[in-house]
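Below: the structure, in C-alpha cells.
The values are calculated or read from the model by the stated rules, or taken from the named source; none is laboratory data. Keep in mind the model is a prediction, meaning the values are calculated, not measured. Cβ: placed from backbone, ideal geometry, glycine included. Neighbour counts: every protein chain shown.
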Amino acid sequence: MSLKDKIKAQVAAFDSWARPWAERSRWHGWVYEFLLFGLKQAWACLFGGAMLALLLATHLFWPDHAPVARYDFLVLASVAIQIALLATKLERWDEALVILIFHVVGTIMEIFKTAQGSWLYPEESLLRIGGVPLFSGFMYACIGSYIARATRLFELKYVNYPPLWTTWALATLAYINFFAHHYTIDIRLGLFAFSALIFGRAWFVFTPDRTPRRLPMLAGYLLVALFIWIAENLGTFAAAWVYPNQSDGWRLVPIDKLGAWYLLMLLSFVLVSLVHKPEAARDQAHLGVGAGVLKSRPN
C-alpha cells in the first residue's frame, strides 16, 4: 500500500471514529467541519510548511562552520521534498510541471528584483544565479503547490468565474508590472480595479466536509495573500532574504507588501488553472447553503 493510500485509510478511520460525535447536534457538526477545514488547509500547505520549518530551523541551529552553506542545503532539501511528494503520489506530475514553471517565473523575478536592490540574500552560497540562491524559486513554488492541493482537497468549484482570457490578461499585466514599474508608472491600482471587475461577482464553492460552502473569490484571494505576508515575515526573521529597512535588524514587513502578494497570488492561481480547469458549480448542491439566488455560467 502506498503512503497516499495509507493516509486515506487513516483519514477514513478517523472520520468513522469522530462522525458519531459530529452528528449529535448542529453545533458538533459545525465544530467538526471547522476542524476538517483546518486539517485540509494544513495538508494543502504541506510543501510551504516544510519550507518554512526548514528556514526557521536552519536559521536557529545551522552551525557556523558547516561544510555546506545554509542556502545550498535549502536548495537540496527543497528538491528532496519535491521528489518525496511525487514518489508518494501526494503531488501529481502535471501539478509539478506547473510548479516548475512558477519556480522559473519566480526566479527570473528574483534576479531582477535583487539587481534593483528591492531585497537581498545576505549569506554566501554556490547554488545561485547572480545574487539569487536557487532555493528562492521554491518559495514561489510553495504558493502554486498550495493552490493545486487545495483545489483537490476542497473540490473547488466556481460561480460566475470570469472568461479565461481576462484572467490571463490580468496575470500577464501583473507580472509585467513587477518589472516595468521600476522604469514607468506603477499600474498596481489599475490591476486591483481590474481584478475587482472580473472577480467581483465570482465565488469559490468548497467542501470542508459534506456540505459545500461558498466564499467570494476576492475575499479568498485577500486571505491567502494575508497568510503569505505572515509567512514572509517569518522568512525574513529567519534571514532567508532581507529588505533594505531590515539591514540593521529584523522588523515587520510593511503591510503594503500585501498588495504585491495579492497580485502574485492571482498569477499563481491562473498558472494552476492550466492543470485544474475552473469547473462551474452548476447545481443547487454545489452552490451551498443559502446560495440558491446565485447563477453559474460556463466560461
- Item | The listed residue being small (Gly, Ala, Ser) and free of Cβ contacts under 8 Å to residues at least 24 places away in the same chain, out of 130, 106 | 130
- Note on the structure: The lone condition residue 108 fails out of (1) under 18 Å from the mean Cα position of the chain (by Cα); (2) in a helix (DSSP H, G or I) is (1)
- Could you say which residue among 76, 52 is of a type outside the set (Asp, Glu), surrounded by 16 or more Cβ atoms within 10 Å (Cβ to Cβ) and at pLDDT 90 or above? 52
- Please work out if residue 73 is closer than 26 Å to residue 227 by Cα and in contact with a Lys or Arg (Cβ under 9 Å, 6 or more places away or on another chain). no
- Item | Test: residue 68 is in the same structural domain as residue 146 (by TED's automatic domain parsing) and either part of a helix (DSSP H, G or I) or polar (S, T, N, Q) (or both) | no
- Filter the range 202-222 for residues that are part of a helix (DSSP H, G or I) and in contact (Cβ under 8 Å) with a residue 12 or more places away in the chain; the one that is surrounded by the fewest Cβ atoms within 10 Å (Cβ to Cβ) is 222
- Picking from 43, 21, which residue would you name as being part of a helix (DSSP H, G or I) and either under 17 Å from residue 155 (Cα atoms) or among the polar types (S, T, N, Q) (or both)? 43
- Item | Single residue of 108, 143 found to be assigned by TED's automatic domain parsing to the domain that holds residue 232 and closer than 30 Å to residue 8 by Cα | 143
- Any pair with Cβ under 7 angstrom, 6 or more apart, that starts in the range 50-64 at a residue that is assigned by TED's automatic domain parsing to the domain that holds residue 230 and ends at one that is among the hydroxyl-bearing types (Ser, Thr, Tyr): 51/78
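Each row is one residue, and each column tells you yes or no for (1) crowded, with 16+ Cβ neighbours inside 10 Å; (2) modelled with pLDDT of 90 or more; (3) under 21 Å from the mean Cα position of the chain (by Cα).
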site: 121; (1), (2), (3): yes, yes, no
site: 130; (1), (2), (3): no, no, no
site: 133; (1), (2), (3): yes, yes, yes
site: 140; (1), (2), (3): yes, no, yes
site: 146; (1), (2), (3): yes, yes, yes
site: 155; (1), (2), (3): no, yes, yes
site: 158; (1), (2), (3): yes, yes, yes
site: 161; (1), (2), (3): yes, yes, yes
site: 167; (1), (2), (3): yes, yes, yes
- Item | Lone qualifier among 260, 240, 225, 231 - being surrounded by 15 or more Cβ atoms within 10 Å (Cβ to Cβ), assigned to a loop (DSSP other than H, G, I, E, B), assigned by TED's automatic domain parsing to the domain that holds residue 95 and among the hydrophobic types (A, V, I, L, M, F, W, C) | 240
